[in-house]
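The structure appears right after this line, and notes come after that.
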Amino acid sequence: MSFQLRTYYPPDFTGQRFVKAPEARLVPAPKDGVAPDGYHAMSIYPEYFKIDGQWRLPKDSRMDCVPVYERGEVVVREFRLLKKGDLVVVGRSEQGDEGIYLYADGFREHMAGHEAFAFRQGRSRETAFSRDYDELYELLRYERENGNILWVMGPAFAFDSDAREAFSALIAHGYAHAVLAGNALATHDLEAAYLHTALGQNIYTQESQPGGHYNHLDTINRVKLYGSIEGFIEQEKIHDGIVYNCLKQKVPLVLAGSIRDDGPLPPVYADVYKAQDAMRDCVRKATTVICMATTLHTIATGNMTPSYRVLPDGTVRQVYFYCVDIAEFTVNKLSDRGSLSARGIVTNVQDFIVNVRKGLGL
């Protein structure tokens, strides 16, 4: 099966409703970090703004942010990054009558028939995911050569030797272009490489080791002694794991801090907004996002990820978003994005990543 992206069908702006539509209103931001009254907030879908007689699509978007017109383009900016005087689009109607048009069906996503009574419409532990896996394998092969694959990971992968090896293989073979995680994933992955444990348990037998509750703290302390993860890897002759392979393959690894963190490791962002900026820098490039076993990071990344991406040649393509978790709540949290943009798989993530490795033939 050869993977093909869906074609994007842009709106026909030659219709009279669009030709006669007024220009979008632009109002200066009254002060830094504050939008004018009546500001327009973005969604995950393509949105066009009529300015100087043209319907303009932002090249990069993010929900719950505001469109700003500057230097002939519409840019989408977080409220906290607004500067006094920024020309912000105002208007709450999205049907064109205020120069704003939200376009949700550009990829011709066909939904299943909506009957009043039907079984198994959600994504649950009883759902069969065989087709999802097959589609994902083809998508990943396509994206390795043509797109940008972003993985968002909880620490569960570091607790299992097979899962660590599986994801390491994906990185080594070019199936990861960036990784978003927290202090725990990196800490326990390095602990596994250093002491063969995660939270003091052997990563293969799952048996607790004597004094093992010190192991993750000892690992952090050792990294800080050397001043960096790179120094730790070199001095301790580390040669396996997720962090090691990210560094070896020059895959960006963004570690966002938490109030719960031990240590943390030196590269962990302690400032939540600097972490958000670093995460969004990766999201801006992503064409496929796969979130695994991390509810808060998944929601955060989902909020940053639009349903489309404008490529350098001007082509508009969809962004695929997968959520993989054993908790149905997490998987279904983003289901209102639409099936084209978000796909949920309810399963143990260690088993998931091992299956993906096998399915890709690595």
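Just a few scattered comments:
- Residue match in segment 24-31 (condition: part of a strand (DSSP E or B), among the basic types (K, R) and more than 28 Å from Y320 (Cα to Cα)): yes
- Set H177, H196: member being open to solvent by 10 Å² or more (accessible area, probe 1.4 Å), within 24 Å of T295 (Cα to Cα) and at pLDDT 95 or above: H177
- A158 open to solvent by less than 50 Å² (accessible area, probe 1.4 Å), modelled with pLDDT under 95 and either in a strand (DSSP E or B) or of a type in the set (A, V, I, L, M) (or both): yes
- Considering segment 58-77, and only residues there that are open to solvent by 10 Å² or more (accessible area, probe 1.4 Å), touching a residue at least 24 places away in the same chain (Cβ under 8 Å) and assigned to a loop (DSSP other than H, G, I, E, B), the residue that is nearest to T305 (Cα to Cα) turns out to be R62.
- R92 vs. criteria more than 29 Å from C282 (Cβ to Cβ), outside any loop (DSSP other than H, G, I, E, B) and not aliphatic (A, V, I, L, M): no
- Residues of segment 211-223 that are in a helix (DSSP H, G or I), open to solvent by less than 100 Å² (accessible area, probe 1.4 Å) and either free of Cβ contacts under 8 Å to residues at least 24 places away in the same chain or among the charged types (D, E, K, R) (or both): G212, D218, R222.
- Meets criteria (modelled with pLDDT under 95 and either part of a helix (DSSP H, G or I) or open to solvent by less than 10 Å² (accessible area, probe 1.4 Å) (or both)) for E145: no
- Boolean, D271 is within 16 Å of the chain's Cα centre (by Cα) and within 20 Å of R77 (Cα to Cα): no
The values are calculated or read from the model by the stated rules, or taken from the named source; none is laboratory data. Values in this document were obtained by computation on a predicted structure and should not be read as measured data. Neighbour counts run over all protein chains shown; Cβ positions are idealised from the backbone, glycine included. Side chains are part of the model used for accessible areas, which takes the heavy atoms of the whole protein and leaves out ligands, DNA and RNA. Shrake-Rupley method; radii C 1.70, N 1.55, O 1.52, S 1.80 Å.
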